[in-house]
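Scroll down for the structure; my scribbles are underneath it.
The values are calculated or read from the model by the stated rules, or taken from the named source; none is laboratory data. Treat the numbers as computed from the prediction; the structure is a model and nothing was measured. With ideal geometry, Cβ positions are generated from the backbone for all residues, glycine too; neighbour counts draw on all protein chains shown. Protein only, heavy atoms only, side chains kept; ligands, DNA and RNA dropped before computing areas. Shrake-Rupley method; radii C 1.70, N 1.55, O 1.52, S 1.80 Å.
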Amino acid sequence: MKKLIKISAILSGALFLAALTVTPVSAQTNQKPADQKAIPADVMKVFDKSCAACHKDPGMKFAQGPFNISTWDNYSPEKQAAKAKTVCNFATKGKMPPKKYQANNPGAVPTKDDIKILCDWAATLNPVSK
Ligand code: HEC
């Protein structure tokens, strides 16, 4: 009987520990600071088509350093606003995706409408700049 109590104590202790390690992770993903914004679905669609090969996991380390779609939600609001502005800027000028990638992947070249989606989104994160 003593042994049984001991085992159940260990078991519930393990469950308690498991609960402890699981809770913070879900809390982290569900509770973002109010002005930190996840990427909207229409923007993500353009990213997936034109940018994800390099800027989203498993992607390219070199490209994910300066701009990582997979860790976007952890960027500060200031960083999100600045990056989104660069995203709009680069896409508009045809600097991203890189020229060679565009030549080899014509289907990934963002259309005018795609670029407008990116820039409209950037403008919502940079209310003063527009
Ligand atoms: C073939 C891979 C590739 C694709 C596809 C690609 N990029 Fe990049 N991108 C890079 C690399 C490599 C860098 C880092 C070196 C550089 O700045 O040239 C980069 C850098 C960037 C930066 C960082 C600028 C900075 O310094 O803050 C932004 C923003 C960016 N890309 C946006 C985009 C957007 C938007 C798309 C899709 C429309 C895209 N990229 C598609 C490879 C890619």
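Quick rundown of the values:
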read-out	value
Pick from the stretch 66-101, criterion touching a Leu at 6+ places or on another chain (Cβ under 6 Å) and among the aliphatic types (A, V, I, L, M), ranking: nearest to Gln36 (Cα to Cα)	Ala81
Test set (1) over 14 Å from the mean Cα position of the chain (by Cα); (2) in a helix (DSSP H, G or I); (3) at pLDDT 95 or above; (4) of a type in the set (D, E, K, R) - Glu78 fails condition number	(3)
When residues of the stretch 102-117 are limited to those that are within 9 Å of the ligand (Cβ to nearest atom) and either in contact with a Leu (Cβ under 9 Å, 6 or more places away or on another chain) or part of a loop (DSSP other than H, G, I, E, B) (or both), the one least open to solvent (accessible area, probe 1.4 Å)	Pro110
Which numbered condition Asp120 misses (of (1) within 11 Å of the ligand (Cβ to nearest atom); (2) touching a helix residue (DSSP H, G or I) at 6+ places or on another chain (Cβ under 9 Å); (3) open to solvent by 60 Å² or more (accessible area, probe 1.4 Å))	(1)
Filtered residue count, the stretch 50-85, keeping only those that are open to solvent by 50 Å² or more (accessible area, probe 1.4 Å), under 16 Å from Cys119 (Cα atoms) and either in contact with a helix residue (DSSP H, G or I) (Cβ under 8 Å, 6 or more places away or on another chain) or within 7 Å of the ligand (Cβ to nearest atom) (or both)	2
